[in-house]
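The values are calculated or read from the model by the stated rules, or taken from the named source; none is laboratory data. Bear in mind the structure is a predicted one, so any value in this text is a computation, not a measurement. A quick note on method: Cβ atoms are made from the backbone with ideal geometry, for glycine too, and the neighbour counts reach across all protein chains shown.
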Amino acid sequence: MAKSNKPIVWGPFAAGGTLTAFLTPALVLLTLLAALGHAPDLLAYERLHALASHWFAKLVAAGIVFLSLWSAAHRLRITAYDLGVRADTLVATVLYAATLACTGAAIYYLLKI
Amino acid sequence: MSRKPYERAITSEWIFRHPRYVRYMVREFSCLFIGGWTLLMVWGLKQLSEGPAAWAAFLELLKSPASIAFHLLTLAFAAYHSVTWFNLTPKALPLQVGEEFVPDWVIAGAHYAGWAVLSSIILALAI
Amino acid sequence: MRQVELEVLRYNPETDREPHFQRYSVDCQEEWVVLDALNHVKETLDPTLSYRWSCHMAVCGSCGMMVNGEPKLACKAFLRDYQGVIRVEPLRHFPVERDLVTVIDDFIAKLASVKPYLIPRDKAPQASEYRQTPAQLKRYKQFTLCINCMLCYAACPEYGLIPKYLGPAAIALAHRWNRDSRDGGRDARQEEIAATEGAWECSFVGACSEVCPEHVDPAGAIQQVKIESTVDWYQEHLMPWLKK
């Protein structure tokens, strides 16, 4: 058997899993506060727009979006197989392509800001 | 004597055969919420890029009951992902110092501490 | 003394089209294990019952079977830990040869494929023995404890879903040799364990490590293989000029 190229997809998965483990709960708490009507200061248009205008913030945001979506997509791929969906190549292609597309969209919006 | 080995069929009911498999599936399903929330944030980026009115509409969208419910679930699933991830890290990255290995609780504990510090900083800066 | 109800899977390849359960009522001593109950059945009730066992002390790995749906060594499953009817079945994810005896060819082949033996790194040492510090020994010692009982294969849902998967014990044993300072065979083993059917089919359910009677932690071994293989891959593809 030859060595697999799985590391291409597993590397970003592991990075994204680690990133979301450290970051996502706090960020979800922020938007939850907004959902409950107590939007944090950072989510006021002027402040958030100013922050997002900075090139470094856009870079970081794009990175967070990509890694978060990629690790979710990879996990969903595995879960599909666990649940009996045998068409792994198709599922993988669809999920990773969707991830790249959504990341592309995020970058497009970030560049517009 | 003739051999005729019998192959027992595999069905999806393996998930419910023991609590550990259910816990595994719950952990895996966290991806739907973390991924879904991230997509919601991408939508927010779109609204942010279209000006104050669009952003205000996004904040209103967040306040819907469906959004609140989704956020509560996402918070729970995201926390579960974090806990399971930090607890499993020592198994994947064992650290041998001298002869002994650093105990699992130290490695996991360092992650929890980092998580607490980082989250505090984010909340302090944002609120 | 205690009367125990055993529900045991029976399968005779010469007469049965498929397996069925058979009930036995056994008078057992309080301190008995499931294996003792099976031996009592075979000796006094039904000599046709077939199963593997040997050491009766959890070191040989022969008596793996499903006890109430959990992979256990029959010699380590104490009757006092069970209430009601005890269901005994052959180890899951392996074909049933006869009664509680499984066909283990797949595991044996996979174990052999990872070259679970010393492939010396250097020429034979000047003196008659290899030298190894306590730290070097401790680096791989945990993974040497595997008794090839295959409980981990029965517990692993991915092995059940993906028959080609190398499986926990084989990968853990490859890892044991890779971490041995005397060994130089990692490149050869990587061809097997870093292949798609190797560590990459694992999704870190962790069931294997939970059921392992020797606390080998194959799940940990597999994740370590994944990380090492990933570092290798990115090094090879992004910085090929770097000598390994």
- Only one of these is farther than 19 Å from C:Ser203 by Cα and among the polar types (S, T, N, Q): A:Ser53, A:Ser71. Name it. A:Ser53
- Task: Can you work out which of the residues in segment B:99-127 that are among the aliphatic types (A, V, I, L, M), surrounded by 14 or more Cβ atoms within 10 Å (Cβ to Cβ) and over 20 Å from the mean Cα position of the chain (by Cα) is farthest from the other protein chains (Cβ to nearest Cβ)?
- Result: B:Val102
- Message: With the requirement that a residue be touching a residue at least 40 places away in the same chain (Cβ under 8 Å) and within 27 Å of A:Leu110 (Cα to Cα), what does segment B:34-89 give you?
- Response: B:Ile34, B:Trp37, B:Thr74, B:Ala78
- Within segment C:41-62, work out how many residues are under 15 Å from C:Tyr24 (Cα atoms) and either out of contact with any helix residue (DSSP H, G or I) (no Cβ under 6 Å at 6 or more places or on another chain) or outside the structural domain of C:Pro13 (by TED's automatic domain parsing) (or both). 9
- Answer yes if at least one residue in segment C:17-35 is of a type in the set (Asp, Glu), touching a Lys or Arg at 6+ places or on another chain (Cβ under 9 Å), within 11 Å of another protein chain (Cβ to nearest Cβ) and part of a loop (DSSP other than H, G, I, E, B), and no otherwise. no
- Message: Here is a check on your reading of the model: is A:Leu95 more than 7 Å from chain B (Cβ to nearest Cβ), exposed (fewer than 12 other Cβ atoms within 10 Å of the Cβ), in a helix (DSSP H, G or I) and at pLDDT 95 or above?
- Response: no
- Item | Extreme residue, nearest to C:Val216 (Cα to Cα), among residues of segment C:98-145 that are within 14 Å of chain B (Cβ to nearest Cβ), among the polar types (S, T, N, Q) and without any contact (Cβ under 8 Å) to a residue 60 or more places away in the chain | C:Gln136
- Does at least one position in segment C:196-204 carry a residue that is hydroxyl-bearing (Ser, Thr, Tyr), in contact with a Cys (Cβ under 9 Å, 6 or more places away or on another chain) and either assigned by TED's automatic domain parsing to the domain that holds C:Ile119 or in contact (Cβ under 8 Å) with a residue 24 or more places away in the chain (or both)? no
- Task: Of all residues in segment A:62-91, count the ones that are under 15 Å from B:Ser30 (Cβ atoms) and of a type in the set (Lys, Arg).
- Result: 2
- Note on the structure: Residues in segment C:108-161 that are among the β-branched types (Val, Ile, Thr) and part of a helix (DSSP H, G or I) total 2
- For A:Ala106, which of the numbered conditions (1) within 11 Å of chain B (Cβ to nearest Cβ); (2) loosely packed, with under 15 Cβ neighbours inside 10 Å fails to hold? (2)
- Hey, any hits in segment A:16-28 for a residue that's within 14 Å of chain C (Cβ to nearest Cβ) and either at positive phi or touching a residue at least 24 places away in the same chain (Cβ under 8 Å) (or both)? yes
- Task: Filter segment C:185-197 down to residues that are crowded, with 23+ Cβ neighbours inside 10 Å and assigned to a helix (DSSP H, G or I) and give me whichever is nearest to the chain's Cα centre (by Cα).
- Result: C:Ile193
- Regarding B:Phe29, is this residue at pLDDT 95 or above, more than 8 Å from chain A (Cβ to nearest Cβ) and in a helix (DSSP H, G or I)? no
- Query: In this structure, does C:Ala219 turn out to be crowded, with 22+ Cβ neighbours inside 10 Å and out of contact with any Gly (no Cβ under 6 Å at 6 or more places or on another chain)?
  - Reply: no
- Item | Only listed residue being assigned to a helix (DSSP H, G or I) and in contact with a Ser or Thr (Cβ under 7 Å, 6 or more places away or on another chain), chosen from C:Trp233, C:Trp177, C:Trp200 | C:Trp200
- Note on the structure: Going through segment B:57-81 in order, the residues found to be at the interface with chain A (Cβ under 7 Å from one of its Cβ atoms), of a type in the set (A, V, I, L, M, F, W, C), surrounded by fewer than 20 Cβ atoms within 10 Å (Cβ to Cβ) and farther than 26 Å from B:Arg27 by Cβ are B:Leu59
- Query: In segment A:41-69, how many are within 9 Å of chain B (Cβ to nearest Cβ), closer than 19 Å to B:Ala54 by Cα and either in contact (Cβ under 8 Å) with a residue 40 or more places away in the chain or crowded, with 19+ Cβ neighbours inside 10 Å (or both)?
  - Reply: 4
- Item | Scope segment C:64-81; condition part of a loop (DSSP other than H, G, I, E, B) and free of Cβ contacts under 8 Å to residues at least 40 places away in the same chain; matching residues | C:Asn68, C:Gly69
- Query: Within segment B:1-24, can one find any residue that is over 30 Å from C:Thr15 (Cα atoms), among the charged types (D, E, K, R) and facing chain A (nearest Cβ under 7 Å)?
  - Reply: no
- Message: Among the residues in segment C:230-241, are any farther than 21 Å from C:Val59 by Cβ, surrounded by 24 or more Cβ atoms within 10 Å (Cβ to Cβ), in the same structural domain as C:Gln132 (by TED's automatic domain parsing) and in contact (Cβ under 8 Å) with a residue 12 or more places away in the chain?
- Response: no
- Answer yes or no as to whether B:Pro90 is out of contact with any Gly (no Cβ under 9 Å at 6 or more places or on another chain) and either surrounded by fewer than 15 Cβ atoms within 10 Å (Cβ to Cβ) or within 24 Å of C:Ile227 (Cβ to Cβ) (or both). no
